[in-house]
Amino acid sequence: MNTEPSFVHATDATHDPARRSWVASANDPDTDFPIQNLPYARLRRKAAKGEAPEPWRVGVAIGDQVLDLRIALEVAPWEPETARHLDALAQGELATFMAAGRPAWRAVRAALCEALTEGSLHGPFLESALVPMAELEYTLPCSIGDYTDFYASIHHAAAVGRLFRPDNPLLPNYQWVPIGYHGRSSSIVVSGQGLRRPLGQIKPPDAAPPVLQASRRVDFELELGALVGPGNALGERIGIDDAEAHLFGLVLFNDWSARDIQPWEYQPLGPFLSKNWGSTVSPWVVTMEALAPFRVPFTRPADHPQPLSYLDSPAHRASGALSIRLETWLQTARMRQQGSAGERLMGSNTAEAAYWTLSQLIAHHTVNGCNLRTGDLLGTGTLSGPGPGQGGSMLELSQGGKVPVGLSNGETRTFLEDGDTVILRGRCTAEGRRPIGFGECRGTVMPADL
Ligand code: CA
């Protein structure tokens, strides 16, 4: 493993903000995918009617194009080490590469960056490996193994606590232990798929017996998902300074929730059917290397308990956190009919929202010897910011359904209606750095199966 702490991602030539690509759209100041980003996804061309679909393949986003790594491997000359890693990716699987670890990730990033840079000798070869994003469809970045969801925003925890337990909003363990639960990976879908409004056992406050009905309080949760690269052996813990060596990259993550199923079922063992009917990930995995320019110090207010030693280190204090601006947009069915792309519901920043960092989540998850495996997904929990309008769920934005949120076309929402499309976006900016983004995580609420 590395001798330097794993979250000390020194920026290098691949982050140079002056670097431009021969793919013109990658030089657009507004693109999420300049040459400094280079995220991975699994994708294929949308099949024409009657045509058999192609096998899934791995691509890298560059502007509004995707570099198909199977073709890129064939058509351009590569150094032997790069070719070996590209060969694994050319099989259409990201997992082997995710398991290969940071030296492999850095080598391929450097090679792809060089090849896509303006003036590169690779350019004329690689043009035939570009596919316009508009022609593609996506699948999950990898087969997702175990899924753990955390609760990393103290603002979300306090806001939800106030609704469920007005006299005791923040439980005393919150500031000591990263709270989490084991979720279910079978219902994690890629951006663009619809999810049915779930049925469940719901107990109205004024009715004695619970009833089975379609949830009337379907909600989104704005989260980030962290994909595990190399795992750890059962019984071996991961130290805080080594945690991010086990982290391949991040996706946007909408952890759909049914708020009326949740309060009846969650005691005493925690969330169950209110949470496991669907979660949506964005197709593009933004690597930890690409996020290097957007590191920020981990801080904890002086009047809060300081983290126990296994969740703390000087290097982690210096640069253990990330600054990512997150937004949730809503496009209702009526907006779609009116030709509107939707409107922004809220925004927050991970640097303010997250009480616990990704490294702390990993160190805590494994402190008992629990083993993480390649392709496991860690959800951060809803990343609500401290201010009004920064709630990462309708539960918070509508104050538990009591205050409807007004939309510009005259509609209102407390929770989500059938036909509502929720779109998550993420973007990183920093002084003197080229902004990068996450693309979109999009999902639509479909009518219940009654
Ligand atoms: Ca969640």
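The values are calculated or read from the model by the stated rules, or taken from the named source; none is laboratory data. Worth saying up front: this structure is predicted, and the values here are computed from it rather than measured. All Cβ positions, glycine included, derive from the backbone under ideal geometry; neighbour counts span all protein chains shown. The protein model used for the area step is the full one, side chains on, heavy atoms only, and it has no ligands, DNA or RNA in it. Shrake-Rupley method; radii C 1.70, N 1.55, O 1.52, S 1.80 Å.
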Over 42 Å [Cα-Cα, the chain], rounded percent: 14 percent
Apportionment of accessible area to carbon and sulfur, the chain, percent (1.4 Å): 54 percent
Fraction of antiparallel bridges per DSSP, the chain only, in percent to nearest 5: 90 percent
For L163, net neighbour charge (Lys/Arg +1, Asp/Glu -1) across residues whose Cβ lies under 13 Å away: +1
Tilt relative to the chain, helix 80-90 - C-alpha long axis, 0 to 90 degrees, to 10: 40 degrees
Proximal lysines relative to K402, as straight alpha-carbon distance under 20 Å, when same-chain residues fewer than 8 apart are discounted: K203
13 Å beta-carbon shell around H316, net charge (K/R +1, D/E -1): -2
P(r) of the range 1-89 over all Cα-Cα pairs, binned every 10 Å from zero, in whole percent: 14, 33, 37, 14, 3, 0
Debye log10 I(q)/I(0) at q = 0.09, 0.16, 0.17 Å⁻¹ for the range 179-323, Cα point scatterers: -0.42, -1.03, -1.09
Selection from V66, P39, P5 lying farthest towards where the dipole of the range 1-80 points positive, charges on Cβ: V66
Lys/Arg +1, Asp/Glu -1 at C-beta; the chain dipole; positive extreme among S21, V403, P305: V403
Dipole in debye (nearest 20) - the chain, about Cα centre, beta carbon charges: Lys, Arg +1; Asp, Glu -1: 760 debye
Cα-based equivalent ellipsoid of the range 256-375: semi-axis lengths in Å, sorted from largest, via gyration tensor: 31, 23, 16
Point-charge dipole on Cβ atoms (K/R +1, D/E -1) for the range 35-166, about Cα centre, debye to 20: 600 debye
The range 318-341 and the range 382-450: distance between their alpha carbon centers, rounded to Å: 6 Å
Rounded to whole Å, sorted largest first: equivalent-ellipsoid semi-axes of the range 134-174, Cα gyration tensor: 36, 14, 8
Helix-derived mean residue ellipticity, 222 nm - over the chain, DSSP H n ≥ 4, -39500 (n - 2.57), to 500: -5000 deg cm²/dmol
DSSP bridge orientation in the range 176-286 - percent antiparallel, rounded to nearest 5: 85 percent
Residues L234 and R184, FRET efficiency given R0 of 22 Å [Cβ-Cβ distance, rounded to 0.05]: 0.55
Rounded tilt (10° steps) of 102-116 against the dominant C-alpha axis of the chain: 60 degrees
The range 285-302 and the range 44-87: distance between their alpha carbon centers, rounded to Å: 30 Å
Charge dipole magnitude, Cβ of K and R +1, D and E -1 - the range 299-450, Cα centre, debye nearest 20: 400 debye
Listed residues T332, A321, G347: farthest to the positive end of the dipole of the range 301-348 (Cβ charges): T332
Cα point-scatterer Debye curve for the range 148-209, base-10 log of I(q)/I(0) at q = 0.13, 0.19, 0.23 Å⁻¹: -0.61, -1.01, -1.03
Value of relative contact order over the range 158-244, rounded to a whole percent, pairs C-alpha under 8 Å and six or more apart: 13 percent
